[in-house]
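Engineer: Quick one: this structure, given as structure tokens, is what I'll be asking you about.
The values are calculated or read from the model by the stated rules, or taken from the named source; none is laboratory data. Remember, it's a predicted structure, so these values are computed and weren't measured experimentally. As a convention, Cβ positions derive from the backbone with ideal geometry for all residues, glycine included, and neighbour counts pool all protein chains shown. In case anyone asks, the SASA skips ligands and DNA or RNA and just uses the protein heavy atoms, side chains included. Shrake-Rupley method; radii C 1.70, N 1.55, O 1.52, S 1.80 Å.
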Amino acid sequence: MTDTQVVLPITGMTCANCSTTIERNLKRMNGVKEASVNLATERAKVVFDPSVVSAGQIDDLIGDLGYGVAKARVELPIAGMTCANCVNTIERNLRKAPGIDQANVNLATEKASVVYNPAMIDVATMKDLVADLGYQVIETGGVDEEEAEDAERKVRQAETERQKRLLIIGLAFTIPLFVFSMARDLGLLGHWAHASWANWVMWALATPVQFYVGRDYYVNGYKALKNGAANMDVLIALGSSAAYFYSVAVILGAAVGVDLGAHVYFETSALIITLIRLGKYLEARAKGATSEAIKTLMGLRPKTAWVEREGVEVEVPVAQVRVGDIVLVRPGEKVPVDGLVLSGQSAVDEAMLTGEPIPVDKKAGDQVIGATLNKQGLLRVQATRVGKETALAQIIRLVEEAQGSKAPIQRLADRVSAVFVPVVIGIALATFLGWYFIGAIGFTQSLINAVAVLVIACPCALGLATPTAIMVGTGKGAQNGILFKTSESLERAEAVQTVVLDKTGTLTEGKPVLTDVVVNPGWTPISANGYDPASALLRLAASAERGSEHPLGQAVVAAAQARSLSLVSPEKFEAVTGAGVVAVVDGQEVRVGSTRLAEHAALAPSLAALVAEGKSAMVVAVNGEPAGVLAVADTIKPTSAQAVAGLHKLGKEVVMMTGDNRRTAEVIGRQAGIDRVLAEVLPQDKANQVRALQAEGKVVAMVGDGINDAPALAQADIGIALGTGTDVAMETADITLMSGDLQGVERALALSHGTMRTIRQNLFWAFIYNIIGIPFAALGFLNPILAAGAMAFSSVFVVTNSLRLRGYKLR
């Protein structure tokens, strides 16, 4: 085999030792003939024997050494695909091209997702390769993203209109041809209809259908065969041509005195093509509906923004907004880009991205997301992320990548599709020979049975069964704030048995809040300032804590401010390490902290009760007298218990993992309805705990929101990140929930179940239709017209069944 040369862009090299290390290890690799690494250009040139080692193995070696190979990704919109064999043909030829690492073609989205080495191949070469296979790559280059999408949309629309036009022409010729043929066969037209000229009229009506309406099947079938493949077009061309050319032979034979039979089958050939054209038109319209969710997301983007430029408000296209620009958002307008509120107050409707119906209050210092709706006040926002960096753009990218990926369940359909057409042609040939030589029913009827086999076979339904459901499912998820990274994530989520919830920030609010103010009945405030004893106690404690930086002290201050208590600055303040604070407030000595800091005998029962509830209890002493107890805790979110109950309804075991002590953890676990509590888990041990659950034979989903959750998210079979968390957690996760509501976990798993059920229904139909239909046709129970109708509507059924997911109810 001829040696192959590749040029690999290397990332991560910092010195000559790096390039030497890579070069030395490449040269040691079995099958590598030459290797040279250039630090200046950051590229490696490798000559290798592809029969011994692959480009992928070379990439893996470089990765194992701690470096990376830079790759690019491109989406190629492709027109002209009709079935799963088209997909296989394009995928196979793209993957064979040097420099292409991955190529996934999706029949539902009509796109090829290609990961490639830009140093070895460019997009233009890929387009030429696809064009040589007989398909059209929709040109979108040289325009901005929105114009590119519009160009693609127009091409798709034009193709649908072309299908409609051909269908109308086909119907215009086929209906009178079919009516005349049936009426003649039933004896409704008299002897004149059996005159020889009547067959010539039927020939004239059938010919435009065969070669104009059906031209695509001949052209695409020829291109498929030229490239060593056979697709649906080959079957249709063979089936309809057999009926058509046999009928032509009958007419010409009669003209020269050769009797080949009296009956012609022009109506059969015309109906085959017209019915399948009808099916393809309906399928094209239905496929357009499967991408409705992604179109809706794209439609959320505002077109313009009001920006402050040199002290003047100007309206500019959103594409011209830059990071750091000051953007004005009036009531009723959409926030144009992601940003930070500098001034103003409002409620912002984020339902279109998070699925949460209640508007979120925004004030100075809060983050806002582009494409959300400003409901009330004027907001002055500083742009922090624009263009492809905005949350909406990343959501669209995630959904498109998930829709473009292949689910493992699709592999069986792909393997069957690869051999489907040759096998069907073989069955059709066997049908003809069997009926002619063994059944002895004559040439004509044997041919008709073989034609029925050719036209009933449908690889299209096999190719559409999985991707259409994935498209609708991921789109439905995006509309509800659930983002699946890949279609494999969507499939794997259905198998989850155990859901592990990180406590802090996931199950709970993630910050301490004041929960209890217990006043010592024996304490009377010296000066209550009109407050009840509990408020007076809280005011003194919060005033004392104003100088503290401890989270518990800040929680006390926040609670007092929330109750509009008039706090004062302490006259003296001292923080006692590990104990609390001592301050002078309104001339009184106030101590707030642990039992080591203040007398607490009178408060012992209250302290014990609060600690038993898993709360952090602080003694408050005023002038040496025990005044009361304040309790602070990280409380569970309002919807957490409901979310856990929802997971139980789905039959999932729910586990809570936390670094808290066992007592506190058990209390939170009881409040939320947790099945199992893993307490005192160090951040670095979270992944080990997930691994231990997997060792029990469980399929584990990990839900978290922080940096220290990332290893556990990666270890789990399914990692689920809350959108309120860190970018690291979201990058590691298989599923991202745009809102912080834990109920999104239940919705994500339920949506996975619904989507997989739809895929199984689709695959069952696609397989059972062919398993039953082909033998029925081979045994002579179906005529070609019924077979063509069944074939035409089989793929329509699959697509419309997938569309039912749009109405899937998520609690």
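Engineer: Looking at the range 672-682 only, could you name the residues that are modelled with pLDDT of 90 or more and either more than 19 Å from residue 649 (Cβ to Cβ) or open to solvent by 20 Å² or more (accessible area, probe 1.4 Å) (or both)?
Structural biologist: Once the filter is applied, which keeps residues that are modelled with pLDDT of 90 or more and either more than 19 Å from residue 649 (Cβ to Cβ) or open to solvent by 20 Å² or more (accessible area, probe 1.4 Å) (or both), the range 672-682 yields 673, 674, 675, 676, 677, 678.
Engineer: Among the numbered criteria (1) without any contact (Cβ under 8 Å) to a residue 24 or more places away in the chain; (2) open to solvent by 40 Å² or more (accessible area, probe 1.4 Å); (3) more than 46 Å from the chain's Cα centre (by Cα), which single criterion is violated by residue 602?
Structural biologist: (1)
One line per residue, one yes/no per condition, for (1) touching a residue at least 12 places away in the same chain (Cβ under 8 Å); (2) of a type outside the set (A, V, I, L, M, F, W, C); (3) open to solvent by less than 10 Å² (accessible area, probe 1.4 Å); (4) within 30 Å of residue 699 (Cβ to Cβ):
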{"position": "594", "(1), (2), (3), (4)": "yes, yes, no, no"}
{"position": "608", "(1), (2), (3), (4)": "no, no, no, no"}
{"position": "621", "(1), (2), (3), (4)": "yes, no, yes, no"}
{"position": "626", "(1), (2), (3), (4)": "yes, yes, no, no"}
{"position": "658", "(1), (2), (3), (4)": "yes, yes, yes, yes"}
{"position": "663", "(1), (2), (3), (4)": "yes, yes, no, no"}
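Engineer: Applying the selection to the range 88-110, what residues are closer than 18 Å to residue 400 by Cα and crowded, with 22+ Cβ neighbours inside 10 Å?
Structural biologist: The answer is 105, 106, 107, 108, 109, 110.
Engineer: Can you list the strands (runs of 3 or more DSSP E) lying wholly within the range 315-361 that have 1 or more residues being crowded, with 16+ Cβ neighbours inside 10 Å, out of contact with any Pro (no Cβ under 8 Å at 6 or more places or on another chain) and not β-branched (Val, Ile, Thr)?
Structural biologist: Counting at least 1 such residues, we get 326-329, 338-343.
Engineer: If you don't mind, there's one more thing I want to ask. Kindly indicate the residue of the range 247-286 that is outside any helix (DSSP H, G or I) and at pLDDT 80 or above and also least open to solvent (accessible area, probe 1.4 Å) among those meeting that condition.
Structural biologist: Restricting to residues being outside any helix (DSSP H, G or I) and at pLDDT 80 or above, the top hit is 264.
Engineer: Restricting to the range 673-708, what's the tally of residues that are charged (D, E, K, R) and not in a helix (DSSP H, G or I)?
Structural biologist: Looking only at the range 673-708, we keep the residues that are charged (D, E, K, R), and these are 675-676, 680, 685-686, 691, 696, 698, 705.
Of the ones still in play, those that are also not in a helix (DSSP H, G or I) are 675-676, 680, 696, 698, 705.
Looking only at that region, the number is 6.
Engineer: Of these, 327, 316, 335, which one is in contact with a strand residue (DSSP E or B) (Cβ under 6 Å, 6 or more places away or on another chain), of a type outside the set (Ser, Thr, Tyr) and closer than 26 Å to residue 741 by Cβ?
Structural biologist: Numbers: 327 fails: closer than 26 Å to residue 741 by Cβ; 316 fails: closer than 26 Å to residue 741 by Cβ.
Matching residue, one of 327, 316, 335: 335.
Engineer: Of all residues in the range 205-219 being over 18 Å from residue 231 (Cβ atoms) and of a type in the set (Ser, Thr, Tyr), which is most open to solvent (accessible area, probe 1.4 Å)?
Structural biologist: Of everything passing the filter in the range 205-219, 212 is most open to solvent (accessible area, probe 1.4 Å).
Engineer: Residues to consider are 593, 580; find the one that is of a type outside the set (Phe, Trp, Tyr), closer than 30 Å to residue 671 by Cβ and touching a Lys or Arg at 6+ places or on another chain (Cβ under 7 Å). Walk me through how you get there before you give the answer.
Structural biologist: Working: 593 fails: touching a Lys or Arg at 6+ places or on another chain (Cβ under 7 Å).
Going through 593, 580 in turn, the sole match is 580.
Engineer: In addition: Counting just the residues of the range 22-43 that are surrounded by 17 or more Cβ atoms within 10 Å (Cβ to Cβ) and among the β-branched types (Val, Ile, Thr), which one comes out modelled with the lowest pLDDT?
Structural biologist: The selected residue is 37.
Engineer: Let me ask something else about it. In the range 393-403, how many residues are within 30 Å of residue 344 (Cβ to Cβ) and buried (at least 22 other Cβ atoms within 10 Å of the Cβ)?
Structural biologist: Within the range 393-403, residues that are within 30 Å of residue 344 (Cβ to Cβ) and buried (at least 22 other Cβ atoms within 10 Å of the Cβ) number 1.
Engineer: Considering each of 790, 748 in turn, give the residue that is touching a helix residue (DSSP H, G or I) at 6+ places or on another chain (Cβ under 8 Å), within 30 Å of residue 448 (Cβ to Cβ) and assigned to a helix (DSSP H, G or I).
Structural biologist: Details: 748 fails: within 30 Å of residue 448 (Cβ to Cβ).
Within the list 790, 748, the selection yields 790.
Engineer: Going by what's in this entry, would residue 406 be described as open to solvent by 10 Å² or more (accessible area, probe 1.4 Å), touching a helix residue (DSSP H, G or I) at 6+ places or on another chain (Cβ under 7 Å) and outside any helix (DSSP H, G or I)? Step through it out loud before you land on a result.
Structural biologist: On the way: open to solvent by 10 Å² or more (accessible area, probe 1.4 Å): yes; touching a helix residue (DSSP H, G or I) at 6+ places or on another chain (Cβ under 7 Å): yes; outside any helix (DSSP H, G or I): yes.
Yes; evaluated as a whole, the condition is true for this residue.
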